[in-house]
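Q: The following block contains the structure, expressed as structure tokens.
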Amino acid sequence: MRLVIAEKPSVAQSLAAVLGATSRKDGYLEGGGWLVSWCLGHLAGLADAAAYNPDYAKWRYDDLPILPESWRFTIAKDKRDQFDVLRTLLRREDVTEVVTPATPGERAS
């Protein structure tokens, strides 16, 4: 099964129509050996500095640069459901390939 992750729902629907993924599921379309899903803008973002240390909630020059050993991310509440859909799809054992279509000016992966 190949998973296509588009940047937005309208692009995913267009791709799914061409690929034959016509079965609607919750957060994705499926069919013909394809799963087609989408993002909703940026699904995840870097955590605020205070997530690493509460003292960083108020920035001080002496604390800079703040360079954590491992970076944390946050997911907006309004995007959590779609993030979970994508995470589930990416973890499926039958997914053998992930495709991210190129937008104008980019190269496909």
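Since every read-out is calculated from the coordinates, none of them should be taken as a lab result. Given the structure is predicted, the values throughout are model-derived calculations rather than measurements. Here Cβ is always computed from backbone atoms with ideal geometry, including for glycine, and neighbour counts include all displayed protein chains.
Q: Put +1 on the Cβ of every Lys and Arg and -1 on every Asp and Glu Cβ in the chain; which of GLY45, LEU3, GLY32 then has its Cα farthest towards the positive end of the dipole?
A: The one lying farthest along the dipole's positive direction is GLY32.
Q: Give me the angle, in degrees from 0 to 90, between the Cα long axis of helix 9-19 and the longest principal axis of the Cα atoms of the chain, rounded to the nearest 10.
A: Taking the Cα atoms of the chain, the angle to 9-19 is about 30 degrees.
Q: Within the range 2-99, how many Lys pairs sit with Cα atoms under 23 Å apart, leaving out pairs fewer than 8 places apart on the same chain?
A: Qualifying lysine pairs in the range 2-99: 5.
Q: Which percent, nearest 5, of DSSP beta bridges in the chain are antiparallel?
A: 55 percent
Q: While we're looking at this one, here's another question. On a 0 to 90° scale, report how tilted helix 80-91 is relative to the longest principal axis of the chain, with both axes built from alpha carbons and the result rounded to the nearest 10.
A: 60 degrees
Q: Cα atoms only: what Rg and Dmax, in Å, come out for the chain?
A: Cα radius of gyration and Dmax of the chain are 17.9, 57 Å respectively.
Q: From the helices alone, meaning DSSP H stretches of at least four residues, give me the mean residue ellipticity at 222 nm for the chain, per-run term -39500 (n - 2.57), in deg cm²/dmol to the nearest 500.
A: -6500 deg cm²/dmol
Q: Apply the Karplus parameterisation 6.51 cos²θ - 1.76 cosθ + 1.60, with θ equal to phi minus 60°, to every residue of the range 42-47 and state each ³J(HN,Hα) to the nearest whole Hz, in sequence, with x for glycine and proline.
A: Going residue by residue, I get 7, 6, 10, x, 5, 5 Hz, with x marking Gly and Pro.
Q: Suppose a student asked you for the relative contact order of the chain, using Cα pairs under 8 Å spaced at least 6 residues apart; what percent would you report?
A: Across the chain, relative contact order equals 32 percent.
Q: Ranked highest first by the average count of other Cβ atoms within 10 Å around their residues, in what order do 72-85, 53-66, 23-36, 5-18 fall?
A: With the highest mean Cβ count within 10 Å placed first, the list reads 23-36, 5-18, 72-85, 53-66.
Q: Also: Please get the size of the charge dipole for the chain, origin at its Cα centre, with Cβ charges of +1 on Lys and Arg and -1 on Asp and Glu, quoted in debye to the nearest 20.
A: The calculation lands at about 260 debye.
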